[in-house]
Amino acid sequence: MEPSSSEAKLDLYSEASFEDTEPVLAGNISVPGTAGQADGSGGVEFNTLDEPISQTIKRDLSAVGTKFLAVLYPKEKKSLLKEWDLWGPLILCTFMATILQGHDSSDSDKADGGPEFAEVFVIVWVGAMIVTLNTKLLGGSISFFQSVCVLGYCLLPLVLSLICCRVVLLATQNTALVIVRCLLVLAGFAWSTFASMQFLGDCNPPARKALAVYPMFLFYLVVGWMVISHSAD
């Protein structure tokens, strides 16, 4: 019986197509939009596969700096949402944890009672995740990491307040300097809350906007309290 002409067979290799040369892999890695405007519009695609590491670092630092400026002057609401990253929040959180960490000591009279490095990290990141989760549960039209990015970048005013307070603490403390520190932290707290509302306010349903803003208020209030309670000892 002759085998059927429609018999299926699997040819892994054939003599005509097999050669003793290694396969050539080709492709490119393109990042769209990053070479355009600050808000990501008007960008052109370019290849990042063969670019120097220094150029990659410069581009990332430029993007972080652009987002910092957007927080200080929140005019373009989509600048932090279009191309989110966590480099800025990581830098700000590490800086705050380094400055705010307390000096532990076996002698209770010498310990300053400040938070530990890990405690600052936990408060900032867990607080940001709780605020983000609340936004998502309220029906916010924003991704999880976009919200964490915005909340982290909006810590910049409070970080600037921390630096100013640290400079004020170099002088001999009196009532006037305590008031100055309070005003600096109050200004940083107000600006951080305002900036986060500018970026995240429109992402929530209008009827639930107050419920979304309240956790942001508490989040920056706790961070502001850590800044104002920091001592130079």
- Item | Only listed residue being part of a helix (DSSP H, G or I) and open to solvent by 80 Å² or more (accessible area, probe 1.4 Å), chosen from 176, 207, 187 | 207
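Yes/no matrix, rows are residues, columns are (1) touching a residue at least 40 places away in the same chain (Cβ under 8 Å); (2) among the hydrophobic types (A, V, I, L, M, F, W, C):
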site	(1), (2)
150	yes, yes
160	no, yes
172	no, no
176	no, yes
190	no, yes
- Candidates 222, 227, filtered to the one that is touching a Leu at 6+ places or on another chain (Cβ under 8 Å), closer than 21 Å to residue 96 by Cβ and either open to solvent by less than 40 Å² (accessible area, probe 1.4 Å) or in contact (Cβ under 8 Å) with a residue 12 or more places away in the chain (or both): 227
- Scan the stretch 204-215 and give yes if some residue there is more than 18 Å from the chain's Cα centre (by Cα) and closer than 18 Å to residue 73 by Cα, otherwise no. no
- Task: Go through 225, 191 for me and flag whichever is more than 24 Å from residue 69 (Cα to Cα) and at pLDDT 90 or above.
- Result: 225
- Please go through the stretch 111-124 and pick out each residue that is in contact with a helix residue (DSSP H, G or I) (Cβ under 7 Å, 6 or more places away or on another chain) and either open to solvent by less than 20 Å² (accessible area, probe 1.4 Å) or modelled with pLDDT of 85 or more (or both). 120, 121, 123, 124
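The values are calculated or read from the model by the stated rules, or taken from the named source; none is laboratory data. Quick caveat: nothing in here was measured; it's all calculated off a predicted structure. Every residue, glycine among them, receives a Cβ derived from its backbone with ideal geometry; neighbour counts consider all protein chains shown. The area values use the complete protein model at the heavy-atom level, side chains included, leaving out ligands, DNA and RNA. Shrake-Rupley method; radii C 1.70, N 1.55, O 1.52, S 1.80 Å.
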